[in-house]
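First the structure, in the form of structure tokens, and then the observations on it.
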Amino acid sequence: MNADIDLFSYLNPEKQDLSALAPKDLSREQAVIELERLAKLISHYDHLYHDKDNPAVPDSEYDALVLRNRRIEQFFPDLIRPDSPSKKVGSRPNSRLPKIAHRAAMLSLDNGFLDQDVEDFLGRVRRFFNLKENQAVICTVEPKIDGLSCSLRYEKGILTQAVTRGDGVIGEDVTPNVRVIDDIPKTLKGDNWPEIIEIRGEVYMAKSDFAALNARQTEENKKLFANPRNAAAGSLRQLDPNITARRSLRFLAHGWGEATSLPADTQYGMMKVIESYGLSVSNLLARADDIGQMLDFYQKIEAERADLDFDIDGVVYKLDQLDWQQRFGFSARAPRFALAHKFPAEKAQTTLLDIEIQVGRTGVLTPVAKLEPVTVGGVVVSSATLHNSDEIERLGVRPGDRVLVQRAGDVIPQIVENLTPDVDRPIWRFPHRCPVCDSVARREEGEVAWRCTGGLICPAQRVERLCHFVSRTAFEIEGLGKSHIESFFADKLIETPADIFRLFQKRQLLIEREGWGELSVDNLISAIDKRRKVPFDRFLFALGIRHVGAVTARDLAKSYQTWDNFKAAIDEAAHLRTILQPSSEESEEKYQKRVDKELISFFHIPNMGGKIIRSLLDFFAETHNSDVVSDLLQEVQIEPLYFELASSPLSGKIIVFTGSLQKITRDEAKRQAENLGAKVASSVSKKTNLVVAGEAAGSKLSKAKELDISIIDEDRWHRIVENDGQDSIKI
Ligand SMILES: [Zn+2]
């Protein structure tokens, strides 16, 4: 069977017979059906890929479909459909961003998969230029980065516009977004640039940055990106450039569009000039004299592929001589002078041996597939991510199943298909207890992740919790940073929060540690002793109960004033929860709502809903958590919070801070405002009374101007604080 057909035949089981036939073996009638199917399928994938930043299939499979379509069209040129995928470069851009027409069409490249395709490419060049046998065809070679194509327009050396490829004719205006990408200079270096030049290349995300981004998404319970390309596309195509700025995007130049003059006469020379302008160009870019060197390069890059910090899906060959490029020209869809030599799909079949649960530092339970080791794209793979319980359910995998594993465009291998769903095997059930500490695991409404509730005792989470415990908004222990916690924890000097307050007993041990001395240890011990009295709200917040942030902790402390009052209320609520039983006709959902309603009215604290209450009760219901708290209470004393309503001209006013404050942190500003009896809101609305604008204040400031709200700068705010809220400003 032909290799490129093998890649996708399993995708369409209902039409397997037809799609399994090689293009040359199709009858006319079959070709009509097959071309229609391919046009629809490719257009569907285009839509998902470009507009939703969500690939339904790996690029290699998509490419195989496009190639098959083109091959069939070669055999039946009169059957080419008006909506043929070979007439399109990509799908049209979606509608969120402003549209801009490219001044010079931004085409994609023709693809080849086989060595024969490279030979054919060189053959076409030789015939076109009528070359003698001893005449060399020199090509540049470089890896093909899997990113989002973008054209950067520089006028007189200044970046004036950035446009995505879109459909090759019209793209999206991403000028504000690329301005926040470090790799993209706002001004070209040197002075030998053409009056106008459009530099083209790929915006991409490094694999390491992609992994970090997805880890963050997991923590924040947000949707994961399928691969770096989609993460890059999703990050670049934002209406708000601030979001783009938070993602680590890079740019690699590989060509140019409109240019008023060309400062070099070869592709290689041009790329070196572009590099001298201050743009990144692949450091693997080279020149090849013949097909042997080209294929050597292809194999070398394929072997190194897994170790590169960016995703690539092949290598690109371009005729080096620019006058040859111009003479050889373009087809409707692609330049004739270039070829993308793509890598085959990185997929393999193996057996799923087991599903293990790993517990992350914040308690998220992640299922990991243990596989019979198999080589995928040159790398031995023995485990793959299964993301979460939904994914396991979707795939329907159970230990023992044969599975299809893929590495294409992804850092961590993943299972894409269960090949033996029909074999009778027990369903694998996601555990409801933490495999590390045996605490109950919970999955909250609307969330995909299961989490261990044993935060303070779960070894997997302890370091993170201890860091939270000593952090600035919690116990604020000076001189006890994350690295200290980590090394003290590793040596069993600190295992629970209470151990911190017993560190003095290990004074001698500490002094002997590398990097410590008598003075620094005594300083640390005295910093710890200073916190033996702790305000109620800080104590509660320091426990790291899920959903109980600083604000909720403060609200609870205000409401109950003493720890004993609070603890009594928790016990009473827990009792209430146990006596509320579901009635026989009540659905689980209705019952849960009824319980929430009862508990919310029991606590009666503004902004405290069912989610927070459940989390609080769950926390104290676990004996090991209560133990940690009692242990801690042997060492520290909780100061009740007798909240006095401040009376100042700002009492009851709503203040919004925006931009970056130079002299104090946001936290401190917030506390200052609260001390003056004001409330701090995070967004500007009609109810806002005052906006304090720091440096580089953005949309909130403009909104405040729009709504005619009083605006002051940071210095003015400090004067107000010094004068206990007195100020001439009318708010
Ligand atoms: Zn645990």
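Each value in this text was obtained by applying a stated rule to the coordinates, not by laboratory testing. Computed from a prediction, not measured in an experiment: that's the story for all the values here. No Cβ is skipped: glycine too gets one built from the backbone with ideal geometry, and neighbour counts run over all protein chains shown.
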Q. Can you give the FRET efficiency for Ser280 and Gln581, using 1/(1 + (r/R0)^6), R0 = 51 Å, r = Cβ-Cβ distance, to the nearest 0.05?
A. 0.20
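Can you give me the Rg/Rh ratio for the stretch 276-334, using Cα atoms for both radii and the Kirkwood formula for Rh? Spell out each step's value before the answer.
Details: Rg = 14.0 Å, Rh = 13.9 Å.
In the stretch 276-334, Rg relative to Rh is 1.01.
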**Q.** the stretch 99-342, relative contact order [Cα under 8 Å, separation at least 6], %
**A.** 31
**Q.** Principal axes of the stretch 197-325: Cα extent on each, largest first, Å
**A.** 53, 37, 20
Q: Quote the FRET efficiency, to the nearest 0.05, computed for Asn242 versus Glu36 with a Förster distance R0 of 35 Å and r equal to the Cβ-Cβ distance.
A: 0.20
**Q.** Förster-model FRET efficiency, 35 Å R0, Ser526 and Glu444, C-beta, rounded to 0.05
**A.** 0.30
Q.
Over all directions, how big on average is the projection of the convex hull of the alpha-carbon atoms in the stretch 654-722, in square nanometres?
A. 4.0
Q. Among the lysines, which fall within straight-line cross-link reach of Lys370, defined as a Cα-Cα distance under 22 Å, with same-chain neighbours fewer than 8 residues apart omitted?
A. Lys347
Q: State the Cα centre-to-centre distance between the stretch 238-254 and the stretch 425-476 in whole Å.
A: 33
(Q) Cut-off under 20 Å on the C-alpha distance; same-chain residues fewer than 8 positions from Lys593 excluded. Which aspartates and glutamates are left, in chain and number order? (A) Glu444, Glu445, Glu447, Glu572, Glu585, Asp618
Q. Between the stretch 568-602 and the stretch 25-42, what is the C-alpha centre distance in whole Å?
A. 60
Q. Any idea what diffusion coefficient the chain gets from Stokes-Einstein, in µm²/s, Kirkwood Rh on alpha carbon pairs, 20 °C, 1.002 mPa s?
A. 70
Q.
Expected output is a single nm value to one decimal: the length gained when fully extending between Gln299 and Val380, i.e. 0.36 nm times separation in residues minus the C-alpha distance. What is it?
A. 27.4 nm
Q | D_trans [Stokes-Einstein, Kirkwood Rh over alpha-carbon pairs] for the stretch 428-529, 25 °C, 0.890 mPa s, µm² s⁻¹ | A | 161
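Lys686: net charge of surrounding residues, Cβ under 14 Å, Lys/Arg +1, Asp/Glu -1, itself excluded? Could the numbers behind the result be given before it?
Details: positive: Lys653, Lys687, Lys700, Lys703, Lys705; negative: Glu706, Asp708.
Net charge around Lys686: +3.
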Q. Taking square-rooted eigenvalues a ≥ b ≥ c of the alpha carbon gyration tensor, is the stretch 567-658 rounded, prolate or oblate, where a/c under 1.5 means rounded and, failing that, a/b exceeding b/c means prolate?
A. oblate
Q: Sort all Cα-Cα distances of the stretch 519-584 into consecutive 10 angstrom bins from zero, then give the percent of pairs in each bin up to the one containing the longest distance.
A: 18, 34, 26, 15, 5, 2, 0
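Only Lys, Arg, Asp and Glu count, each charged at its Cβ (+1, +1, -1, -1), so figure out the dipole size of the stretch 667-725 about its Cα centre, rounded to 20 debye.
With only Lys, Arg, Asp and Glu charged at Cβ, the dipole is about 380 debye.
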Q: Report, in degrees rounded to the nearest 10, the 0 to 90 angle that the Cα long axis of helix 518-529 makes with the longest principal axis of the chain.
A: 70
Q) Lone cysteines in the chain, going by a 4.7 Å Cβ-Cβ cut-off? A) Cys139, Cys150, Cys467
Q.
Taking the alpha-carbon distance from Lys506 and a cut-off under 21 Å, which lysines remain once sequence neighbours fewer than 8 residues away in the same chain are dropped?
A. Lys482, Lys492, Lys530
Q.
Can you divide the C-alpha Rg of the stretch 347-418 by 2.2 N^0.38 Å and report the result to two decimal places?
A. 1.04
Q: Using only Cα atoms, find the angle between the long axis of helix 207-219 and the longest principal axis of the chain, and express it within 0 to 90 degrees, rounded to the nearest 10.
A: 40
Q) Expressed in nm to one decimal, what extension gain is obtained for the pair Arg71 and Arg394 from 0.36 nm per residue of sequence separation less their Cα-Cα distance? A) 112.9 nm
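Using 0.36 nm per residue, how much length does the chain from Asp78 to Arg179 gain when fully extended, once their Cα-Cα distance is taken away? Kindly include the intermediate steps, with their values, before the conclusion.
Details: separation 101, 0.36 × 101 = 36.36 nm, distance 4.72 nm.
Working it through step by step, the gained length comes to 31.6 nm.
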Q) Once the Cα atoms of helix 59-75 and of the chain are each reduced to a long axis, what angle between those two axes, in degrees from 0 to 90 to the nearest 10, is obtained? A) 20
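Rank by packing, highest mean first: peptides 529-541, 194-206, with packing defined as the count of other Cβ atoms within 10 Å averaged across residues.
Ranking, from highest mean packing down: 194-206, 529-541.
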Q: Measure off 7 Å from each Cα along the Cα-to-Cβ vector at Glu514 and Asp422, then give the distance between these two points in nanometres to one decimal.
A: 6.2
Q. Per-residue ellipticity at 222 nm for the chain, helices alone: DSSP H runs ≥ 4 residues times -39500 (n - 2.57), over residue total, nearest 500 deg cm²/dmol?
A. -11000 deg cm²/dmol
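With only alpha-carbon pairs counted, each pair once and no self-pairs, how large is the Kirkwood hydrodynamic radius of the stretch 99-342 in angstroms? Could the numbers behind the result be given before it?
Details: mean 1/r = 0.0533 Å⁻¹.
It is 18.8 Å.
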Q) Here are some pairs, Lys40/Lys318; Lys653/Lys686; Lys144/Lys318; which of them have Cα atoms lying more than 20 Å apart in this structure? A) Lys40/Lys318
Q. If one computes the Cα centroid of the stretch 149-188 and of the stretch 319-353, what distance in Å separates the two points?
A. 24
Q. In nm, to one decimal, how far is the Phe330 label point from the Asp307 one, both placed 7 Å along Cα→Cβ?
A. 3.9
Q: Bin all alpha-carbon pair distances of the stretch 97-202 at 5 Å intervals from 0 and give each bin's fraction as a whole percent.
A: 2, 10, 16, 16, 15, 13, 10, 11, 5, 1, 0
(Q) Largest first, please: the extent of the C-alpha atoms of the stretch 283-392 along each principal axis, to the nearest Å. (A) 60, 28, 26
